[in-house]
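Each remark here refers to the structure printed beneath this line.
The values are calculated or read from the model by the stated rules, or taken from the named source; none is laboratory data. All of these numbers come straight from a predicted model, not from anything done at the bench. Every residue, glycine as well, gets a Cβ built from its backbone with ideal geometry; the counts of neighbours run over all protein chains shown.
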Amino acid sequence: MRRGWSKRRAQLERAKERAIELVIAACGVSAVVFVFAIIYFVFREAAPLLFGGLDLAQFFGSEEWYPDSVANKRYGALALIAGTASVTILAMAIAVPFGLGTAIYVSEFSTGRVKEVLKIVIELLAAIPSVVWGFVGLVALNPLIIGAFGTPVGLNVLNGAFLLGLMSVPIMVSIGEDALKAVPDTYREAAEAMGATKWQVTWRVLLPAARNGLLAAVLLGVGRAIGETMAVLMATGHAVHIPTSPLDSVRTMTATIAAELGETARGSDHYRILFVLGTVLFLITFIVNLTADLAIRGIKKR
Amino acid sequence: MGVFLSSPEAQRRHRMQSFARTIFACMTVLLILPVVAIVGLLVIRGGSALSFEFLFSVPLRGMTAGGIWPAIVGTVWLVGVSLAVSAPIGVLAAVYLNEYAGDSWLTRIIHLAIVNLAGVPSIVHALFGVGAFVLFFSLGTSILSASLTLAIMTLPVIIASTKEALSAVPLAFREACWNVGATRWQTIRHVVLPNSIAGILTGVILQVSRAAGETAPILFTGAAFFLPHLPQSVNDQCMALSMHLFTLSTQVPNVPPQITYGTALVLLLVVLSVNTTSIIIRSRVRRRRRW
């Protein structure tokens, strides 16, 4: 009788254990479920327009964005794509040298307390909310740009790119530093034993060895910059046209969604075209992140 | 030393070395300056607005006077509800990845999904929130919709830091426990989790800071421009600090600058102090580690 009771108890224990493991496994795959849910629900709202008469040639080839026009609605997203591209490229021109340079300094040239403090400051830089960056663009960079270049408005590509550059630097530094740290110390020792200076070691040995990881760092920075919303919404002005200079105002894809979604009626074409933009954004960042991940995986395998 | 430095080639190399070092140091300093400048600017211009009254009274006269109390309360609601959802899921997901899953194709897909979840633009998360929670699940624009959107968005933060905390517990701890007959879950429950709780906490705290600062995902899912009353349940809309800063600085004319700067300062202080707490806990844990 007693044995039967303890057997039952053991069975109960095992059932409980199985149930807990099931819950844990469900949480484990939740991230996959959520990614598919994002694709599904964004695409679901976009699909009726995407398959129901959206002229893709116009969408990707025209800069005529008149979603509200009564007589002739046109959904040319070229200017928005150009807006995103221009801000991102200029932001990267700022962020790549600074991000990788700082990664090299933190990883190779600084030690002890200095290194700790630098890493903390960069972490805090990453923590500043994008709406605060946008606010800084409005109240600080705007007058600075007007003063420096004599433009009537300081909300333009340059302003947005400067903010985005600073915002995407932290991820570049942290991933770039990881990549440099992953290079075995024997490489450094071998080069230093040959009489190379620290800079020669960095330039000739570490950078080639950490190439993939540094590429991933840059790509993740690009991904951040493309997807950033509030800062560019507030700091790049609202001009839907293809910029010809860094001092032109533009509007990015993300800013367009944020600015217009609130004013559209659910189910209207205008509403759906914003979800089409969202789908395109998702695909772009998906490809960028996938490439970055493959690059990182390359290092780990070696 | 002089003997070794005398050759022009060696001198050139040393000049190059110190030149490179200086350049990288300058870049690093130039990165730190904006943080100092931003905090300084907000403190100087917004510091005077900070008062008991500013924090604890409602906005008046079309938000051009009064305080930010409803926005603070709203942010607490949003962060609290999103935390209640994402913390358990995130911690258990990390437990699965670190304790149960081996190196299989499934783990790789999960890893890829987490990377992507972290990389999806915040405005796409907002579109998802509208499509899924507001419309499909008919939750409407409410605290619940906004918090769920935030929860999914910040999930990767918790998973990544919990995983790091779990993998810092030595395998020997687990083996010792298995050897006395404990099951996997008992080992996790009584050995692994208690030994990594501080590390998990830092991840949860980081999530708080992310969720408090985000604006785009709550824009269309639950945050309101202006509400005179405080939310009573998760089905109500609410104001939020981040949203309030956006509204004040772009949508409302003639706001006295110190109110806008004050709001920005409060938001920044909340986020930075939460982050600093997380950093302090983390460095304490690392120093105190006994193995």
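Here are the numbers:
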| read-out | value |
| --- | --- |
| Segments classed as helices (runs of 4 or more DSSP H), wholly inside segment A:124-228, with at least 2 members that are under 24 Å from the mean Cα position of the chain (by Cα) and within 23 Å of A:Ile257 (Cα to Cα) | A:130-136, A:157-181, A:211-227 |
| Breaking point among (1) modelled with pLDDT under 90; (2) surrounded by 21 or more Cβ atoms within 10 Å (Cβ to Cβ); (3) more than 22 Å from A:Val106 (Cα to Cα), for A:Trp199 | (3) |
| Residues satisfying the stated conditions in segment A:48-66, i.e. free of Cβ contacts under 8 Å to residues at least 24 places away in the same chain and either surrounded by fewer than 13 Cβ atoms within 10 Å (Cβ to Cβ) or not in a loop (DSSP other than H, G, I, E, B) (or both) | A:Phe51, A:Gly52, A:Gly53, A:Asp55, A:Leu56, A:Ala57, A:Gln58, A:Phe60, A:Gly61, A:Tyr66 |
| Segment A:15-36 residues that are touching a residue at least 60 places away in the same chain (Cβ under 8 Å) and within 7 Å of chain B (Cβ to nearest Cβ), paired with ones that are surrounded by fewer than 16 Cβ atoms within 10 Å (Cβ to Cβ) and in a helix (DSSP H, G or I) (beta carbon under 6 Å, 6 or more apart) | none |
| Filter result for the condition that a residue is more than 12 Å from chain B (Cβ to nearest Cβ) and either buried (at least 24 other Cβ atoms within 10 Å of the Cβ) or modelled with pLDDT of 85 or more (or both), over A:Ile145, A:Ile171 | A:Ile145 |
| B:Gln232 vs. criteria assigned by TED's automatic domain parsing to the domain that holds B:Ile205 and free of Cβ contacts under 8 Å to residues at least 40 places away in the same chain | yes |
| Residue match in segment B:42-59 (condition: touching a residue at least 40 places away in the same chain (Cβ under 8 Å), crowded, with 24+ Cβ neighbours inside 10 Å and in a helix (DSSP H, G or I)) | yes |
| Meets criteria (touching a Lys or Arg at 6+ places or on another chain (Cβ under 7 Å), within 10 Å of another protein chain (Cβ to nearest Cβ) and surrounded by 20 or more Cβ atoms within 10 Å (Cβ to Cβ)) for A:Val131 | no |
| Helices (runs of 4 or more DSSP H) lying entirely in segment B:122-231 (those with 3 or more residues that are under 27 Å from A:Val32 (Cβ atoms), of a type in the set (Val, Ile, Thr) and within 14 Å of another protein chain (Cβ to nearest Cβ)) | B:143-167, B:193-213 |
| Residues of segment B:248-272 satisfying the condition of being within 10 Å of another protein chain (Cβ to nearest Cβ) and among the polar types (S, T, N, Q) | B:Ser249, B:Thr250, B:Thr260, B:Thr263 |
| Residues (within 18 Å of the chain's Cα centre (by Cα) and not small (Gly, Ala, Ser)) located in segment A:90-123 | A:Leu90, A:Met92, A:Ile94, A:Val96, A:Pro97, A:Phe98, A:Leu100, A:Ile122, A:Glu123 |
| From the options A:Ser107, A:Ser69, residue that is outside any helix (DSSP H, G or I) and either loosely packed, with under 15 Cβ neighbours inside 10 Å or among the small types (Gly, Ala, Ser) (or both) | A:Ser69 |
| Residue count, segment A:1-47 (criterion: exposed (fewer than 11 other Cβ atoms within 10 Å of the Cβ) and not in a helix (DSSP H, G or I)) | 1 |
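The rows are residues; the columns are (1) closer than 30 Å to A:Ser107 by Cβ; (2) within 14 Å of another protein chain (Cβ to nearest Cβ); (3) touching a helix residue (DSSP H, G or I) at 6+ places or on another chain (Cβ under 6 Å).
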site	(1), (2), (3)
A:Ala210	yes, no, yes
A:Gly213	yes, no, yes
A:Ala217	yes, yes, yes
A:Gly227	yes, yes, yes
A:Ala235	no, yes, yes
A:Val240	no, no, yes
A:Pro246	no, no, yes
A:Ser249	no, no, no
A:Leu261	no, yes, yes
